[in-house]
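What follows is calculated from the coordinates using simple rules that are stated; it is not laboratory data. None of these values were measured; they are calculated from a predicted model. For neighbour counting, all protein chains shown are included, and Cβ atoms are generated from backbone atoms with ideal geometry for every residue, glycine included.
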Amino acid sequence: MAERARLASSYRIPQPQAATHIRLAIASPVRLVREGLVATLRGRDRIVVVAAVSPDQEGVGTIVAAEPEVVLVDLGQTEAVSAARLLRAAKPEAKLVAFALDEIDTDVFACAAAGFSSYVPRESSADELHRALLDAFDGRMSCAPHITAAMFRRIADLTGVAVPGAPLHALTSRESDVLALTEKGFSNKEIARRLTISSATVKNHMHNILQKLQVARRGQAVARLRASAGGIQ
């Protein structure tokens with residue numbers, strides 16, 4: 001019984017590997033997720049899994065002892081961020097890669113602040129996961145265009161350089177509808193009813209509007225609309 005409990009929390013694959021292999025550790029509180037990732041990455045070019053554990057204190061110790069070069073951390077649970085900080089302190093040379101992440105700029109920046117070198121969006125395929133691990137090891141990171149744009153805006157904010165937003169006609173037809181109704185003072189729920197969409201979809205549209213216009217608040221987006229001589233083209 002004790003042996004089964006130990007295996008349920010973690011297992012290691014201590015076999016020696018060629019220098020060309022990337023030693024990967026996986027940290028997730030869900031055993032099925034750990035086993036699924038191990039199965040997904042088994043036999044993939046340059047990847048060898050040396051540990052798959054829960055991101056608790058014991059698991060962090062197991063990862064450090066396994067001497068991985070890359071650690072894939074499940075951010076589906078809040079304790080993963082604290083585990084990442086422990087790993088960063090104990091194994092600073094290892095590259096941390098986040099997965100199960102919503103690709104929102106604030107979440108991506110929070111990962112970077114916590115010491116992650118890269119991330120894998122929640123909807124990534126197995127091939128995209130594999131590529132992200134290789135890129136992280138090689139010092140590269142790929143991200144969606146809106147994350148890149150947000151990153152440049154953040155740099156501009158830090159350096160005091162103004163970055164102009166996209167013109168209003170860059171918005172999609174539905175985004176234009178959402179902004180126009182926002183300008184009239186409608187709430188997200190009211191906009192959702194008028195456009196026959198969900199409130200969550202309205203929020204997504206508004207998020208995209210703010211990203212494209214490079215403003216922080218919906219009031220600023222409305223001001224851009226009102227200041228536009230010809231409105232939304």
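In table form, for the structure just shown:
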item	result
Efficiency of FRET between residue 58 and residue 217 - r from beta-carbon atoms, R0 30 angstrom, step 0.05	0.10
Per-pair calculated FRET efficiency, R0 = 30 Å: residue 138 and residue 173 via Cβ, rounded to 0.05	0.15
Net dipole in debye of the range 165-227 [+1 Lys, Arg Cβ; -1 Asp, Glu Cβ; about Cα centre; nearest 20]	120
Extended-chain gain in nm, criterion 0.36 nm per residue less alpha-carbon gap, residue 226 and residue 67	51.5 nm
Electrostatic dipole magnitude of the range 2-147 [Cβ: Lys, Arg +1; Asp, Glu -1; Cα centre; debye, to 20]	480
Backbone N under 19 Å from the residue 85 label point (7 Å along Cα→Cβ), restricted to the range 110-147	110-118
Aspartates and glutamates with Cα under 14 Å of residue 91, excluding same-chain neighbours fewer than 8 positions away	67, 69
Full-stretch length increase - residue 45, residue 122 - with 0.36 nm per residue and alpha-carbon distance subtracted	25.5 nm
